[in-house]
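Data block below; observations after.
The values are calculated or read from the model by the stated rules, or taken from the named source; none is laboratory data. Computed from a predicted model, the values in this text were never measured in an experiment. Because the Cβ atoms are built from the backbone with ideal geometry, glycine has one as well, and the counts that use them run over all protein chains shown. These area figures cover heavy atoms from the full protein model, side chains too; ligands, DNA and RNA do not enter into them. Shrake-Rupley method; radii C 1.70, N 1.55, O 1.52, S 1.80 Å.
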Amino acid sequence: MTEEKQYASFMERIRAGEKIEATDWMPIEYRKLLIKLIHMHAVSEIMGAYPEKEWVPRAPSLRRKLAIMAKVQDEMGHGQLLLRVVEDLSAPLGRTREELVSDIYHGKVKFHNVFHMEARTWADAGVIGWLVDGAAIINQASLLETSYGPYARVLKRICAEESFHMQHGENIILALAMGTDAQRQSLQTALDYWWESLLFFFGPQEVTPAAKQMMHYQIRLKTNEELRQKFLDKYVPRIQSLGLTIPDLSLRYDDSQKKWRYQAPDWHKFSQIVTQNKGPKSEERMLLRKKAHEDQQWVREAMRNHNISISSAL
Amino acid sequence: MNNINDLRYREVLIECLYQMADDKLLLGHRDSEWLGCCPDIEGDVAFSSIAQDEVGHATFYYQLLHQLGEDDPDRLAFGRDASKWRNCMLVERENDDWTYSITRHLFFDQFDQIRLQAMCTSSYEPLQHGVKKMIREEYYHLLHMKTWFKQLGRAGGVATQKLQQAIEKLWPDVNGMFSFAGIEEDLLRFELIQLTPTEMRVKWEAEMKALFQQANMSWPGEFPQLKHDGRKGEHSAALKTLLLTMGEVYQSEPSAKW
């Protein structure tokens with residue numbers, strides 16, 4: 001079959017709603033777009049563990065300690081599952097896990113703006129669980145219909161786990177909202193700090209050429225703005241019902257347009273944070289990842305060179 | 001002989017539960033410090049799973065203590081002065097490198113398995129039930145740590161050198177696990193436990209000597225005498241720092257609900 005015919009029949013499958021599998025023929029553009037998207041997703045999960053890592057040792061009750069440990073473990077687990085998907089996609093291009101990880105601190109792969117930000121208080125850790133994970137679910141749920149089968153299957157599990165995270169975050173927030181004055185104040189301060197980042201999380205309003213291509217291949221099906229509107233639909237009433245003030249006086253629902261009007265985040269500032277790794281915590285967290293990876297290469301080497309079977313261990 | 005109304009019985013049971021709870025919470029806390037910092041992502045997921053088991057076990061013991069009239073579990077975990085902690089020193093030490101953390105865990109898990117098995121027929125039924133369940137989980141921790149230990153030992157080069165250093169650094173703390181701070185005879189008399197500390201150590205040595213051999217590591221010899229006994233509330237600066245971190249949010253408003 002000529003490449004042209006292969007491409008035509010590939011697009012036919014996409015249009016018919018079929019899932020593409022790792023071993024199927026696919027256009028190189030499709031492969032590269034998938035790698036870009038899923039690599040960033042994987043790395044965001046892994047880097048997403050760091051803001052909360054800072055609060056795992058400080059969780060204020062045994063129940064919270066167990067919950068936040070389990071939550072951050074899930075994030076690492078998602079990172080691992082997604083990396084496996086990217087590894088398969090990247091294998092024909094000669095890229096390995098080692099590079100996919102070192103790309104993080106070489107600045108070759110981006111991760112979500114929210115994970116460049118500081119987690120300054122326990123309330124921040126709660127808001128991350130509630131609203132950052134809430135935003136992530138909206139994003140990830142919209143990808144469940146993606147045309148790439150392995151990604152769709154991993155997303156199914158991720159979404160199920162993320163919904164627990166959101167409940168975990170919501171539970172922390174409720175305790176603070178119903179707590180002492182100081183607890184309520186720290187919650188409001190956390191919301192003020194995170195709001196702009198949360199709006200930016202969904203990306204620019206305009207549909208970029210890459211996003212357009214992803215929609216062409218049905219890798220993703222919704223625009224950034226559609227997802228941001230969904231987030232506002234879901235969370236504005238919830239935030240307000242807790243008696244919290246959203247730090248945007250212009251925020252309102254426009255009935256005629258059926259959409260939210262909001263004060264746009266500082267696009268320039270946040271895109272600098274994501275593309276140049278210029279957030280308040282970018283450098284520190286990338287250094288942690290670098291140390292974990294490079295300083296412990298000897299451990300991975302020891303494992304590779306001297307395989308022993310587990311059954312002989314006991 | 002289960003006589004919960006016997007004052008001395010209660011006293012040694014409570015003391016023993018503190019030893020077990022504190023061991024577990026600190027080890028789990030130390031494990032969780034590895035989050036995001038393990039040599040590979042798979043290792044991260046595994047260590048975190050183990051950390052959760054440990055903190056879960058600690059929570060179980062603190063609940064038993066609460067049922068026996070001790071303070072609320074959270075207050076025990078987050079509001080107690082270092083001198084009140086009854087853990088062995090081994091688990092409070094800072095993590096150091098991968099070989100240290102793995103070997104510390106291995107040493108402790110082997111001890112814990114022996115201690116748990118010696119409590120399978122404990123005269124205190126709530127403890128006996130919990131112990132049986134925990135043994136099933138601990139089996140996998142021990143398997144995990146033994147696998148790592150052997151592989152690091154056989155790898156040669158940097159890994160094995162570091163492993164050797166870790167063993168030497170840990171060795172003075174081994175004896176501390178087997179201290180029961182004076183309640184050991186009563187524990188036996190009340191049939192709360194079935195082995196003496198010496199019997200436990202003999203079992204531990206036999207298991208570990210076999211493993212050292214398989215890992216091509218040489219046995220460091222006698223255990224040094226204990227200088228400080230964590231089970232008697234004698235602790236290092238590392239514990240104080242850990243408790244300050246662990247209690248930071250809780251202590252900011254101890255009466256608040258979190």
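Quick rundown of the values:
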item: 1.4 Å probe, heavy atoms, protein only - residues of the range A:38-72 losing at least 50 Å² accessible area vs chain alone; result: A:Lys53, A:Pro57, A:Arg58, A:Pro60, A:Leu62, A:Lys65, A:Leu66, A:Met69
item: Distance from the range A:182-215 to the range A:59-121 (C-alpha centre basis), Å; result: 19 Å
item: Solvent-accessible area, 1.4 Å probe, carbon plus sulfur percent, for the range A:212-296; result: 48 percent
item: Solvent accessible area, Å² - A:Trp267, 1.4 Å probe, full protein context; result: 70 Å²
item: Exposure ranking of B:Thr59, A:Thr180, A:Thr2 by accessible area [1.4 Å probe, largest first]; result: A:Thr2, A:Thr180, B:Thr59
item: Order of exposure, largest accessible area first, which applies to A:Met26, A:Met303 with probe 1.4 Å; result: A:Met303, A:Met26
item: Förster radius 35 Å - calculated FRET efficiency between A:Leu242 and B:Tyr139, Cβ distance, rounded to 0.05; result: 0.20
item: Accessible carbon and sulfur surface of the range B:128-168 relative to its total accessible area, %, 1.4 Å; result: 52 percent
item: Rg and Dmax of chain A, Cα atoms only, in Å; result: 20.8, 70
item: Efficiency of FRET from Cβ geometry, B:Arg80 and A:Lys291, R₀ 45 Å, rounded to 0.05; result: 0.85
item: Global geometry of the range B:101-258, whether rounded, prolate or oblate, following the gyration tensor of its Cα atoms and the 1.5 cut on a/c; result: oblate
item: Exercise: per-residue mean of other protein chain Cβ atoms within 10 Å, B:91-98; result: 1
item: Members of the range B:32-75 that become less accessible by 50 Å² or more once partner protein chains are added (1.4 angstrom probe, chain alone as reference); result: B:Leu35, B:Gly36, B:Cys37, B:Pro39, B:Ile41, B:Glu42, B:Val45, B:Gln52, B:Val55
item: Straight-distance crosslink candidates among lysines, where the alpha carbon sits under 27 Å from A:Lys32 and sequence neighbours closer than 8 are dropped; result: A:Lys5, A:Lys19, A:Lys108, A:Lys110, A:Lys156, A:Lys212, A:Lys222, A:Lys278, A:Lys290
item: Where labels lie 7 Å past Cα in the beta-carbon direction, separation of B:Gln213 and B:Asp72 in nm; result: 5.3 nm
item: Rounded percent of accessible protein surface that carbon and sulfur make up, the range B:76-124, 1.4 Å probe; result: 42 percent
item: Simple spin-label estimate for B:Phe223 and A:Lys156 in nanometres, 7 Å along Cα-Cβ; result: 5.1 nm
item: B:Cys37 accessible area, 1.4 Å probe, all protein chains in place, Å² to nearest 10; result: 30 Å²
item: Averaged over B:243-250, number of beta-carbon atoms from partner chains that fall within 10 Å; result: 4
item: Zone of A:Glu283's modelled label, taken as backbone nitrogen in the range A:86-106 under 20 Å from a point 7 Å along Cα→Cβ; result: A:103-106
item: Chains A and B, summed buried accessible surface - 1.4 Å probe, Å², nearest 100; result: 4400 Å²
item: Surface accessible to a 1.4 Å probe, B:Tyr139 within the full protein complex, Å²; result: 100 Å²
item: Average accessible surface area per residue within the protein assembly as shown, 1.4 Å rolling probe, Å²; result: 42 Å²
item: Ranked order, A:Asp74, B:Asp173 - accessible area, probe 1.4 Å, largest first; result: A:Asp74, B:Asp173
item: Positive dipole terminus of the range A:27-159, leading residue within A:Ala123, A:Ile38, A:Gly149 (C-beta point charges); result: A:Ala123
